[in-house]
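The structure appears below as structure tokens.
The values are calculated or read from the model by the stated rules, or taken from the named source; none is laboratory data. Here the structure is a predicted model, which is why all the values come from computation and not from measurement. Virtual Cβ from ideal backbone geometry, glycine too; neighbours counted across all protein chains shown.
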Amino acid sequence: MVFRVAIPSFKRVDILKEKTLKLLEKYNIDFNIIDLFLENENQFDIYYEALECNLKYHDINIIITDTEGIGAKRNFIRNYYREYTDQENILCIDDDIEKIFIMDKEIQDLKSFINKSFIITREKGLNIWGVSAYHNPFFMKDNITTNLKYICGAFFGLVIDRKKEILQTGFNHYEDFEFTILHFIRDNGVVRFNNIAIKTKYFGEGGINDSYGGRENRKKDMKEAGFRFLDKYKKYCRLIQKNYGYDIRLNYRAKVEEVLC
């Protein structure tokens, strides 16, 4: 199965090298299938200088998005592959992924899992697959579901189907929740591998925090965006408050006909 790897990144070139690129290299995923999406020319110069000094990074394809915020970047990525390439299978991964687990053990063959995930998703006639956002084997299940379960934006697979309408988000916070819902409505399901989980540091330095001008600004937007999200999708989600701010919980019992009414 042919696929490309899409990595959005912002002000975290060192983290990118130490985490996600090191992870992909560990699993023998060629750097020549990686597309690195950066915000502007200034970020390009910074990343290019940091990556150019090492020959193994030379095959990485760098793309400037001219966007602000993760929501706009994810919109750009979807549009880029749909309109300007013939690619159909896209692995989207954040720049700070440390490890990937099957239940309580690190995955042994990441490439085989990715290939299998795209095959299963296509066989089900669906267009997005994901994994558990947190590694806690106690709450993980060794199954695959297609109901309304959260597809975390940090690591997921996207099948580009040009016969269907393009999906775009209007959110920065909760953009992956909106994409989950939009795929559920349009495609009648989302694929989640509940026995697979990622290890990453949410709310880490740089990245989204820097795009907001700091963590506190980000928290303020979480609240505003959370209530806006609830108002838009209140039939099948709820808003909860946690120590780090607000969060969304999806109604896994929701049916497409309920969403469309």
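Observations on the model:
- Members of region 150-175 that are more than 14 Å from residue 191 (Cα to Cα) and surrounded by 22 or more Cβ atoms within 10 Å (Cβ to Cβ): 173, 174, 175
- Annotation note: Cβ proximity below 7 Å between a residue of region 234-245 that is on the phi > 0 side of the Ramachandran plot and a residue that is modelled with pLDDT of 85 or more and surrounded by 10 or more Cβ atoms within 10 Å (Cβ to Cβ) (sequence gap 6+ or interchain) occurs for 245/222; 245/223.
- Note on region 106-130: residues that are within 21 Å of residue 186 (Cβ to Cβ) and in contact (Cβ under 8 Å) with a residue 24 or more places away in the chain total 13.
- Residue 134 falls short on exactly one of the conditions (1) under 19 Å from residue 3 (Cβ atoms); (2) in a loop (DSSP other than H, G, I, E, B); (3) in contact (Cβ under 8 Å) with a residue 60 or more places away in the chain, and that condition is (1).
- If the condition is being of a type in the set (A, V, I, L, M, F, W, C) and not in a loop (DSSP other than H, G, I, E, B), then region 165-182 contributes 177, 179, 181, 182.
Residue by residue, here is whether (1) of a type outside the set (D, E, K, R); (2) in contact (Cβ under 8 Å) with a residue 40 or more places away in the chain; (3) touching a helix residue (DSSP H, G or I) at 6+ places or on another chain (Cβ under 7 Å) holds:
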{"residue": "37", "(1), (2), (3)": "yes, yes, yes"}
{"residue": "44", "(1), (2), (3)": "yes, no, no"}
{"residue": "48", "(1), (2), (3)": "yes, no, no"}
{"residue": "54", "(1), (2), (3)": "yes, no, no"}
{"residue": "70", "(1), (2), (3)": "yes, yes, yes"}
{"residue": "100", "(1), (2), (3)": "yes, yes, yes"}
{"residue": "104", "(1), (2), (3)": "no, no, no"}
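- Residues of region 1-45 classified as over 14 Å from residue 96 (Cα atoms), assigned to a helix (DSSP H, G or I) and among the β-branched types (Val, Ile, Thr), total: 1
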